[in-house]
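Below is one structure, written out as structure tokens, with a few remarks after it.
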Amino acid sequence: MILDFFRLSINNLKHRKRRSWLTIIGTLIGIMAVVSLISIGQGLENSVQSELEELGGNKVFIEPGGGVGGRFSDTTFELTDDDLEAVRRVQAVEDAAGLISGNKRATFRRETESITVTGLPTGEQRDTALDISGITVEDGRYIRSTDNSNIIIEEDAAKETFDNEEVVLGTSISINNSDYSVEGIYSTSDATTGIGGIVMPLDQARDVLGKSDEYDQIVAVIDEGFDPGEAAEDIRANLRNERGLEEGEEDFQVRTADDIIRSFNNQLSIIRTVLLGIGGISLLVGGIGITNTMYTSVTERTREIGVMKAVGATKKQILGLFMIESGMVGMIGGILGATVGIGISYIAAYAIQQTVSIPFTPFVSIELILGSVFFSFIVGMISGVLPARKASKKQPVEALRFE
């Protein structure tokens, strides 16, 4: 009998194609929004977590103040060479280095744009600097301690910053009315430090950015065999002793990759909740559309209901028929919505990869697809409860008289 109900429901939807499709669109939009948001959000979360665990799992990041937004924060407190030495004294720390960063106006071929300028250590700390920054020099060479007017530039910035005027080796970029020669083109695989744009020797960057002896960030590389979380606690204790602070009075922030992942996930959850709420509203509107359509269908099929009751159909059977029909409307919308939502998630993934340059694959699973289709079927059935009850309560004689 259930199969008969499904066959009857499909035939009835075919007879009212235009109205059925207009109703289906409402559910389609809601499921499309929900599926695409879950796919993009979970895929982005998995991708960032994988990148941070792979590239920043053995690092601890120290920043002044509260480290608002996980980036170099503006604060009256500073990280100094004494703080750097205090970090290096921790047993679990293999090595540590400080860096500074800021935005400057740079001119190339009469085009002036804002670009990030980062100062990294050179000389004996060259390998540590490359490790903490995730920099790989693709063309040319890394900066040297003897460089007074030489820089390296990130490959995407070299191609896109100056109105598609590509920066190549040997060309000159002007910052603060001083010319700097491009000695290398680099890529970076580590999103935890946020390094991009122009990189120059630390002392040279201090002059360009107008900073004296402070650091915007200290990055510690944790030796194998030590837990980064425990190392972070030891670093925090050493810095408190260095600064003469009590626990809870810290004017600095110590974070591991896990802390960054947790902060990112919290922010992503808030955004995802808001967007899923919007998707839920779309589903509610779609459900109201199904209810309205089914009420109209019940009115149009009053004589048909009377005939079914006259030949022995029970209230429960009439109720089941109309609820399955409304569920079918929701399910078709769910199937189409899930398909379109997955397509949108792949388009968004491509756009995100072009923007942030990290590997990103949307999250797609059989559970997500089947769950969304089943959910849309339930939404459709619930939306059809009241019209179905109205149909089941019709008296056969009155229904057959209906014109």
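The values are calculated or read from the model by the stated rules, or taken from the named source; none is laboratory data. Everything numeric here is computed off the predicted structure, so don't read it as measured data. Please note: Cβ atoms are built from the backbone with ideal geometry, for glycine as well, and neighbour counts cover all protein chains shown.
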From the options I305, I352, I290, residue that is in contact (Cβ under 8 Å) with a residue 12 or more places away in the chain, under 30 Å from E45 (Cβ atoms) and not polar (S, T, N, Q)
I352
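Given the structure, is M308 in the same structural domain as I40 (by TED's automatic domain parsing), of a type in the set (A, V, I, L, M, F, W, C), touching a helix residue (DSSP H, G or I) at 6+ places or on another chain (Cβ under 6 Å) and on the phi < 0 side of the Ramachandran plot? Steps first, answer last, please.
Values: in the same structural domain as I40 (by TED's automatic domain parsing): yes; of a type in the set (A, V, I, L, M, F, W, C): yes; touching a helix residue (DSSP H, G or I) at 6+ places or on another chain (Cβ under 6 Å): no; on the phi < 0 side of the Ramachandran plot: yes.
So M308 fails the test.
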What number goes with the only condition from (1) touching a residue at least 60 places away in the same chain (Cβ under 8 Å); (2) loosely packed, with under 14 Cβ neighbours inside 10 Å; (3) of a type in the set (A, V, I, L, M); (4) out of contact with any Pro (no Cβ under 9 Å at 6 or more places or on another chain) that L276 does not pass?
(2)
Counted residues in segment 205-231 being in contact with a Phe, Trp or Tyr (Cβ under 9 Å, 6 or more places away or on another chain) and part of a helix (DSSP H, G or I) come to 1
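Under the condition of being of a type in the set (A, V, I, L, M, F, W, C) and either surrounded by fewer than 24 Cβ atoms within 10 Å (Cβ to Cβ) or not assigned by TED's automatic domain parsing to the domain that holds E367 (or both), which residue from segment 332-343 is farthest from I290 (Cα to Cα)?
Pass one, segment 332-343, residues of a type in the set (A, V, I, L, M, F, W, C): 332, 335-336, 338, 340, 342.
Filter once more, keeping what is either surrounded by fewer than 24 Cβ atoms within 10 Å (Cβ to Cβ) or not assigned by TED's automatic domain parsing to the domain that holds E367 (or both): 332, 335-336, 340, 342.
Details: I332: 12, I335: 16, L336: 16, V340: 20, I342: 24 Å.
That would be I342.
One line per residue, one yes/no per condition, for (1) surrounded by fewer than 19 Cβ atoms within 10 Å (Cβ to Cβ); (2) at pLDDT 80 or above; (3) more than 28 Å from the chain's Cα centre (by Cα); (4) not assigned by TED's automatic domain parsing to the domain that holds G289:
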site: K316; (1), (2), (3), (4): yes, yes, yes, no
site: L321; (1), (2), (3), (4): no, no, yes, no
site: I324; (1), (2), (3), (4): no, yes, yes, no
site: G330; (1), (2), (3), (4): no, yes, yes, no
site: Y346; (1), (2), (3), (4): yes, yes, no, no
site: Y350; (1), (2), (3), (4): yes, yes, no, no
site: Q353; (1), (2), (3), (4): yes, no, no, no
site: F360; (1), (2), (3), (4): no, no, no, no
site: I366; (1), (2), (3), (4): yes, yes, no, no
Name every residue in segment 279-314 that is among the aliphatic types (A, V, I, L, M) and exposed (fewer than 15 other Cβ atoms within 10 Å of the Cβ), in order of residue number.
I281, L284, V285, I288, V307, A310, V311
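Of the residues R240, R255, which single one is out of contact with any Ser or Thr (no Cβ under 7 Å at 6 or more places or on another chain), basic (K, R) and assigned to a helix (DSSP H, G or I)? Reasoning before the result, please.
Working: R255 fails: assigned to a helix (DSSP H, G or I).
Exactly one residue qualifies, and that residue is R240.
Here are some residues: S39, S73. Which one is within 30 Å of S372 (Cβ to Cβ) and either at pLDDT below 80 or outside the structural domain of D131 (by TED's automatic domain parsing) (or both)? Quick ask: steps written out before the conclusion?
Numbers: S73 fails: within 30 Å of S372 (Cβ to Cβ).
From the options S39, S73, the qualifying one is S39.
Regarding S178, is this residue closer than 30 Å to L44 by Cα and in the same structural domain as R243 (by TED's automatic domain parsing)? Show your work before the answer.
Values: closer than 30 Å to L44 by Cα: no; in the same structural domain as R243 (by TED's automatic domain parsing): yes.
When the stated conditions are applied, S178 does not pass them.
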E250 meets each of (1) under 32 Å from the mean Cα position of the chain (by Cα); (2) at pLDDT 85 or above; (3) among the acidic types (D, E) with one exception, condition (2)
Yes/no for F77 being within 26 Å of T256 (Cβ to Cβ), outside any helix (DSSP H, G or I), in contact with a strand residue (DSSP E or B) (Cβ under 6 Å, 6 or more places away or on another chain) and aromatic (F, W, Y)
yes
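So that you can scan it fast, the table gives a plain yes or no per residue for (1) outside any strand (DSSP E or B); (2) farther than 19 Å from L202 by Cα; (3) under 27 Å from the mean Cα position of the chain (by Cα); (4) assigned by TED's automatic domain parsing to the domain that holds T188:
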| site | (1), (2), (3), (4) |
| --- | --- |
| K104 | no, no, no, yes |
| T112 | no, yes, no, yes |
| G119 | no, no, no, yes |
| E124 | yes, no, no, yes |
| I132 | yes, no, yes, yes |
| V137 | no, no, no, yes |
| R144 | yes, no, no, yes |
| I151 | no, no, no, yes |
| V168 | yes, yes, no, yes |
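Residues are listed down the side, and each one gets a yes or a no for (1) polar (S, T, N, Q); (2) in a helix (DSSP H, G or I); (3) on the phi > 0 side of the Ramachandran plot:
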{"residue": "R236", "(1), (2), (3)": "no, yes, no"}
{"residue": "E249", "(1), (2), (3)": "no, no, no"}
{"residue": "Q267", "(1), (2), (3)": "yes, yes, no"}
{"residue": "T291", "(1), (2), (3)": "yes, yes, no"}
{"residue": "T299", "(1), (2), (3)": "yes, yes, no"}
{"residue": "R303", "(1), (2), (3)": "no, yes, no"}
Working only within segment 234-253, note down all residues that are surrounded by 16 or more Cβ atoms within 10 Å (Cβ to Cβ) and of a type outside the set (D, E, K, R).
I235, N238, L239, F252, Q253
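Is it true that T361 is outside any helix (DSSP H, G or I) and of a type in the set (S, T, Y)? Don't jump to the end; show me each part of the working.
Values: outside any helix (DSSP H, G or I): yes; of a type in the set (S, T, Y): yes.
Taking the combined requirement at face value, the residue satisfies it.
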